[in-house]
1. Could you tell me which numbered condition Val153 fails, if it satisfies all but one of (1) part of a helix (DSSP H, G or I); (2) under 25 Å from Leu314 (Cα atoms); (3) within 15 Å of ligand 1 (Cβ to nearest atom); (4) not basic (Lys, Arg)?
2. Checking the structure you have, find out if any residue of the stretch 317-337 is in the same structural domain as Gly100 (by TED's automatic domain parsing), farther than 15 Å from Ala282 by Cβ and in contact with a His (Cβ under 9 Å, 6 or more places away or on another chain).
3. Inside the stretch 49-132, counting only strands (runs of 3 or more DSSP E) that do not spill past its ends, which hold 3 or more residues that are within 21 Å of Val183 (Cα to Cα)?
4. Out of everything in the stretch 292-315 that is among the polar types (S, T, N, Q) and outside any helix (DSSP H, G or I), what residue ends up being most open to solvent (accessible area, probe 1.4 Å)?
5. Can you name every residue in the stretch 258-282 that is without any contact (Cβ under 8 Å) to a residue 60 or more places away in the chain, away from ligand 2 (no atom under 13 Å from the Cβ) and among the small types (Gly, Ala, Ser)?
6. List the number of the failed condition for Arg67; all other conditions in (1) open to solvent by less than 60 Å² (accessible area, probe 1.4 Å); (2) within 27 Å of Ile214 (Cα to Cα) hold.
7. Restricting attention to the stretch 141-168, report how many residues are over 21 Å from the mean Cα position of the chain (by Cα), hydrophobic (A, V, I, L, M, F, W, C) and open to solvent by 20 Å² or more (accessible area, probe 1.4 Å).
8. Among the listed residues Ser113, Ser138, identify the single one that is within 16 Å of ligand 1 (Cβ to nearest atom) and surrounded by fewer than 21 Cβ atoms within 10 Å (Cβ to Cβ).
Amino acid sequence: MIIVMNPRAGEEAIRRISTRLEEMGYRIHRSTGENRTILGVIGQRREEVAQTLEALPEVEKVVYISRPFKLVGREFHPDDTVIRLGEVAIGGPKLAVMAGPCAVEGEEQLLESAWAVKSAGAQILRAGAFKPRTSPYSFQGLEWKGLEMLSRVREETGLLIVTEVMDQFTVKDLAACVDILQVGTRNMQNFYLLRELGKIRKPVLLKRGMSATIEEWLMAAEYIMSGGNYQVILCERGIRTFEPYTRNTLDLSAVPLIKQLSHLPVIVDPSHATGKAELVPAMSRAAVACGADGLMIEVHPRPAEALSDGPQSLNPEQFTRLMEDLKGVARSVGRYV
Ligand code: PEP
Ligand code: MN
């Protein structure tokens, strides 16, 4: 259930009620909005507890949430969640653009990519140091060396870094040196990983599982939030369908739908969704038009030489043009690039 506190309820009352419920064995998640505080109360449903709470003058109402996701839902947090990282805000009127190569291939390639995406207007550099490849014979990433390169490029360019975390054992080490931890499509339901990510206090970019329903995806976010880490960014990256002309099928309806169901920011990755660089600009514009809070785009200085995902990577010129083209679309939906 959630407890919607009266707007006049003071800090002391909120603490007193939370402590009392914790003593009764409930877990409390607090959401402090502009006008009121909402307490998410996780534990056994007991009618008499709800009635007692509702009789308190500091409580406006007690609501049972019938949907399986609780903390992810709009009821718990009616305002949009905005994730702030220094001067960058994800979920606000300015679009969050994460761009860069699929993988860290070397320091020069990374630095070249970083300056290119930065000068085109991206605020966040994406690049995988650990790569979950379908074939064990494909390039697996530079791993820890790649992570060191990301840290150095972060220092040098001032860009924020998002990179993929593959298992629960490396969460803490990665959290110590990057700004956003990415959970890839293949790991969306790796519950040990999700639980570990619930323990840190860094933003997590949660990609949609390639065969996951929207509810399964939101439940994966609930795993992270239920651990106390409320900084989750959802990323639609296409789902598997019967259509072979694109790598995946970009489910853009997920964006406005999630905006109804959840307060979490949603971004779109048209690169993995389509698998084709030539489709990325159109799908990026469409994503912004339907309300996405940002984009994740693969950009490589020389896509033909990329060690992974070259065919879906834009070159710096194409990315610069796309960023220009996004301005008009963004303006038409009350946002900016
Ligand atoms: C990636 O972003 O490089 C990646 C592997 O994405 P996904 O998990 O969506 O396939
Ligand atoms: Mn990739």
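The values are calculated or read from the model by the stated rules, or taken from the named source; none is laboratory data. Since the model is a prediction, treat every value here as computed from it, not as a measurement. Here the Cβ is made from the backbone with ideal geometry for all residues, glycine too, and neighbour counts use every protein chain on show. Only protein heavy atoms, including side chains, enter the accessible area calculation; ligands, DNA and RNA are left aside. Shrake-Rupley method; radii C 1.70, N 1.55, O 1.52, S 1.80 Å.
1. For Val153, the exception is condition (3).
2. No, the stretch 317-337 contains no residue that is in the same structural domain as Gly100 (by TED's automatic domain parsing), farther than 15 Å from Ala282 by Cβ and in contact with a His (Cβ under 9 Å, 6 or more places away or on another chain).
3. 83-85, 88-90, 96-100, 124-126
4. Selected residue: Asn315.
5. Residue satisfying the conditions is Ala282 alone.
6. (1)
7. Going through the stretch 141-168 one residue at a time, the tally reaches 3.
8. Going through Ser113, Ser138 in turn, just one is within 16 Å of ligand 1 (Cβ to nearest atom) and surrounded by fewer than 21 Cβ atoms within 10 Å (Cβ to Cβ): Ser138.
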